[in-house]
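Q: Supplied in structure tokens, the structure appears directly below.
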Amino acid sequence: MNGKKRNTLSAWVCNIPALAFAGSIVVFPIIYTAYISLTNMNVYHWFDFAVIGFKNYISALSVVDSGFLRALGLTVLWTALNMILQLVIAFVMASLLNIEKLRPRKVYKTLLMFPWAMPGYVSILLWKNGMFNPQFGLLNQWLSGWGSEPVRWLAGDVLAFICCLVVNLWLALPFMIMIMDGALQSVDKSYYENAMLDGAGWFTRQIRLTVPAITPIIAPAVVITLFTTFKQFDVIYLLTQQVGAKTGANIHTVLTYAYENAFVTNNYGFSSAVSIIIFLLLISFALLSKIRRPGNEKNI
Amino acid sequence: MRRIYERAGLILLNIFFIAICFAVLIPILYAVSVSLNGRNSIFGSDFSFIPKTFTLENYRAVIFGQPVLLWLGNTIILAVSSVCISLLAAVPGAYSLSRLRYRGRKTILSGLLMLHSFPAILSMFAIYKLLSPMGLINTKLGLILIYIGTMAIFGLLNLKGYFDSIPIEIEEAARIDGANGRRTIVSVLLPLAKPAIIVTGVMVLIYVWNEYIYAITFMTGESNYTLAAGLYSLQATEMSGSWPIFAAASVVVSLPILIIFFAAQKHMVSGLTAGGVKG
């Protein structure tokens, strides 16, 4: 008994440094955020704020034009579009890369990895300043070369949303293509020969054989990507919402919306309430995705 | 006849991939080319991807005209201390979570998994409000604390997953051969876990190198910036013609990360997939 207690003690001692860092920078600030969310703290009430109960939550969730529900809807749309496009494009690209007689496959794969290897914020800023810039951006140079009027790519809501989508696909597809590629290589080729003998066409073979075979392999990566897409901040913030350099498009995901309310309009209590709602949503997604995949438990 | 079709299809496929690779690389190629172009003919429509008059003038302007070397120094201080401290903290923790069985272990693990989904931006204001009375705003120590704390969960989970994949029999064999507990860990387990330790360190390094939002919010004054915050502040506005310099700065900032990424790539797959979490 005494030895067991000593083991427990030394195991905890091993954990203390890392847990202390995580506790002071992650856990305690979350608790503090939850507390701020119950107050009216803002730039006028920096020290003399008062607890106002759940008012911030009510105005975030019930007032339609507060902006949060719109941001949440847009985030869901953003995540859905991104996931569908990523899965379809990555599947097609990986299938083409796996065509047997394609020799320079490795060269193509390495080149396609570049958007993943580049620092993300640098790429996004290069897209913003190099491609989309209304005056000297490459896209408008091409347009003027063909005699068209220049376009303000990041000014209108819909166009800016599409631009953000393109940049995010550019950033995220290499990872998805690599995952799909690995999954496709693990599919047993003999299945296809049988199916071909049975007279199944290319499309039928993909739907009936390939998709079910790779689904369990790509599932963890897809769940991870789902979370990172929902939590995407850099693309939308850096392209359209930079403090002091807004492009005029009013598009927000939940994260840029929370940031805007904390550091631009200085509505700290409201922003904290939004943060807590997002955190609760993420936790419930995480629990759901774990229930759906019981095989995951062996990790713990 | 069929072989001709096959050859033609293959040629078409290669053309398709060359076109796709080129299209994907356009933003990067364009920046590289602008940064090397002597005449600033960026307003002309006669632009080509191969610079017409080659020059390193923009790079000289970046390295000597901007405080880039200072920012590089700041970034290296932050990155090295964050990587060292987080590995020193995470390796023993991950080891105990993987190998020892004790009360509270499962609670810690499910807590870590839950917190792993929390985006650091959401508690930024609370962290600001907590650090400012301690005088840690606008100091390197404050940023190092934030970076270590943010990556501690990833480090613990990633390393723990990798330790799990090392068979415990290896340790038992070492023990039977007479090695004591510490010796087993230092000369048997740690060498085996090298890929995961390297990848975890590289992920922390890349995170610190690329992190700009905390750096610009918590640090004021150009001399305190990291490379990421500095590059952010260098951005070409719509009016200024500083875009070639910005392009050169982007290349300078990206090169070390590209080199590290492709050098660690060999370890990247085994070191990341075993842990089951992607930073």
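Q: Just the residues that are open to solvent by less than 40 Å² (accessible area, probe 1.4 Å) and at the interface with chain B (Cβ under 8 Å from one of its Cβ atoms), please, taken from the range A:24-48.
A: Passing the criteria: A:I25, A:V26, A:P29, A:I30, A:T33, A:I36.
Q: Here's a follow-up. Scan the range A:133-169 residue by residue and report those that are touching an Asp or Glu at 6+ places or on another chain (Cβ under 8 Å) and surrounded by 16 or more Cβ atoms within 10 Å (Cβ to Cβ).
A: A:N133
Q: Tell me which residues, restricted to the range B:203-234, are open to solvent by 20 Å² or more (accessible area, probe 1.4 Å) and of a type in the set (A, V, I, L, M).
A: B:M203, B:L205, B:I206, B:I216, B:L234
Q: Based on this model, can you work out whether B:I28 counts as at pLDDT below 80 and under 29 Å from B:G230 (Cα atoms)?
A: no
Q: Here is a further query. Kindly indicate which of A:V88, A:V76, A:V63 is loosely packed, with under 14 Cβ neighbours inside 10 Å and more than 30 Å from A:F175 (Cβ to Cβ).
A: A:V63
Q: Return the only residue of A:L74, A:L38 being of a type outside the set (S, T, Y), closer than 27 Å to A:F233 by Cα, touching a strand residue (DSSP E or B) at 6+ places or on another chain (Cβ under 6 Å) and touching a residue at least 24 places away in the same chain (Cβ under 8 Å).
A: A:L38
Q: Of the numbered conditions (1) open to solvent by 50 Å² or more (accessible area, probe 1.4 Å); (2) modelled with pLDDT of 80 or more; (3) small (G, A, S), A:G199 satisfies every one except a single condition; which is it?
A: Result: A:G199 passes all but (2).
Q: Additional query: Tell me yes or no: at least one residue of the range B:34-42 is under 29 Å from the mean Cα position of the chain (by Cα), part of a helix (DSSP H, G or I) and within 11 Å of chain A (Cβ to nearest Cβ).
A: Within the range B:34-42, one or more residues are under 29 Å from the mean Cα position of the chain (by Cα), part of a helix (DSSP H, G or I) and within 11 Å of chain A (Cβ to nearest Cβ).
Q: Then there's this: Within the range A:109-120, does at least one residue satisfy the condition of being farther than 19 Å from A:V167 by Cβ and either touching a Phe, Trp or Tyr at 6+ places or on another chain (Cβ under 8 Å) or facing chain B (nearest Cβ under 8 Å) (or both)?
A: Taking every residue of the range A:109-120 in turn, none turns out to be farther than 19 Å from A:V167 by Cβ and either touching a Phe, Trp or Tyr at 6+ places or on another chain (Cβ under 8 Å) or facing chain B (nearest Cβ under 8 Å) (or both).
Q: Out of the residues in the range A:199-258 that are assigned to a loop (DSSP other than H, G, I, E, B) and under 11 Å from the mean Cα position of the chain (by Cα), which is farthest from A:Y121 (Cα to Cα)?
A: Of everything passing the filter in the range A:199-258, A:T253 is farthest from A:Y121 (Cα to Cα).
Q: I need the full set of residues from the range A:259-279 which are under 17 Å from the mean Cα position of the chain (by Cα) and either in contact (Cβ under 8 Å) with a residue 60 or more places away in the chain or over 14 Å from B:M124 (Cβ atoms) (or both), in order please.
A: Those that are under 17 Å from the mean Cα position of the chain (by Cα) and either in contact (Cβ under 8 Å) with a residue 60 or more places away in the chain or over 14 Å from B:M124 (Cβ atoms) (or both): A:S275, A:F279.
Q: Additional query: Just to be sure I understand the filter: pairs with C-beta atoms under 7 Å, separated by 6 or more residues or on different chains, first member in the range B:5-32 and without any contact (Cβ under 8 Å) to a residue 24 or more places away in the chain, second member of a type in the set (V, I, T). Which pairs pass?
A: From the range B:5-32, the pairs are B:L13/A:I99.
Q: Search the range B:142-170 for residues being in contact with a helix residue (DSSP H, G or I) (Cβ under 9 Å, 6 or more places away or on another chain) and without any contact (Cβ under 8 Å) to a residue 60 or more places away in the chain, and hand back the single one that is surrounded by the most Cβ atoms within 10 Å (Cβ to Cβ).
A: Across the range B:142-170, the extreme among qualifying residues is B:I153.
Q: Taking the range B:190-237, which residues are free of Cβ contacts under 8 Å to residues at least 40 places away in the same chain, assigned to a helix (DSSP H, G or I) and among the β-branched types (V, I, T)?
A: Within the range B:190-237, B:I216 is the sole residue that qualifies.
Q: Looking at (1) in contact with a Phe, Trp or Tyr (Cβ under 6 Å, 6 or more places away or on another chain); (2) not in a helix (DSSP H, G or I), find the lone condition where B:K52 falls short.
A: Exception for B:K52: condition (1).
Q: Restricting the search to the range B:105-135, which residues are over 29 Å from A:Y259 (Cα atoms), more than 7 Å from chain A (Cβ to nearest Cβ) and surrounded by fewer than 17 Cβ atoms within 10 Å (Cβ to Cβ)?
A: The one that is over 29 Å from A:Y259 (Cα atoms), more than 7 Å from chain A (Cβ to nearest Cβ) and surrounded by fewer than 17 Cβ atoms within 10 Å (Cβ to Cβ): B:T107.
Q: Still on this structure, please answer the following. From B:G73, B:G9, grab the single residue that is out of contact with any helix residue (DSSP H, G or I) (no Cβ under 6 Å at 6 or more places or on another chain), open to solvent by less than 50 Å² (accessible area, probe 1.4 Å) and in the same structural domain as B:G201 (by TED's automatic domain parsing).
A: The match here is B:G73.
Q: Tally up the residues in the range A:170-194 that are open to solvent by 30 Å² or more (accessible area, probe 1.4 Å) and touching a residue at least 60 places away in the same chain (Cβ under 8 Å), please.
A: Total satisfying the criteria: 4.
Q: Return the residue satisfying two criteria in turn: it lies in the range A:211-263 and is hydroxyl-bearing (S, T, Y) and within 17 Å of A:I84 (Cα to Cα), and of such residues it is farthest from the other protein chains (Cβ to nearest Cβ).
A: The qualifying residue farthest from the other protein chains (Cβ to nearest Cβ) is A:T215.
Q: Restricting to the range A:16-53, name every residue that is in a loop (DSSP other than H, G, I, E, B) and at pLDDT 90 or above.
A: A:S37, A:L38 - these are the residues of the range A:16-53 that are in a loop (DSSP other than H, G, I, E, B) and at pLDDT 90 or above.
Here's the yes/no breakdown for (1) of a type outside the set (D, E); (2) modelled with pLDDT under 90:
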| position | (1), (2) |
| --- | --- |
| A:M83 | yes, no |
| A:P104 | yes, yes |
| A:Q135 | yes, yes |
| A:Q141 | yes, yes |
| A:E149 | no, yes |
| A:R152 | yes, yes |
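Q: Assess whether A:A117 counts as being modelled with pLDDT of 90 or more and out of contact with any Ser or Thr (no Cβ under 7 Å at 6 or more places or on another chain).
A: no
Q: Condition first: modelled with pLDDT of 80 or more and either outside any helix (DSSP H, G or I) or at positive phi (or both). Now tell me which residues in the range B:56-87 satisfy that.
A: B:L56, B:P67
Q: Is the range A:119-132 home to any residue that is part of a loop (DSSP other than H, G, I, E, B) and open to solvent by 40 Å² or more (accessible area, probe 1.4 Å)?
A: no
The values are calculated or read from the model by the stated rules, or taken from the named source; none is laboratory data. The structure displayed is predicted, hence computed values, not measured ones. Note that we place each Cβ from the backbone using ideal geometry, even for glycine, and neighbour counts take in every protein chain shown. To get the accessible areas, we keep the full protein, side chains included, count just its heavy atoms, and leave off ligands, DNA and RNA. Shrake-Rupley method; radii C 1.70, N 1.55, O 1.52, S 1.80 Å.
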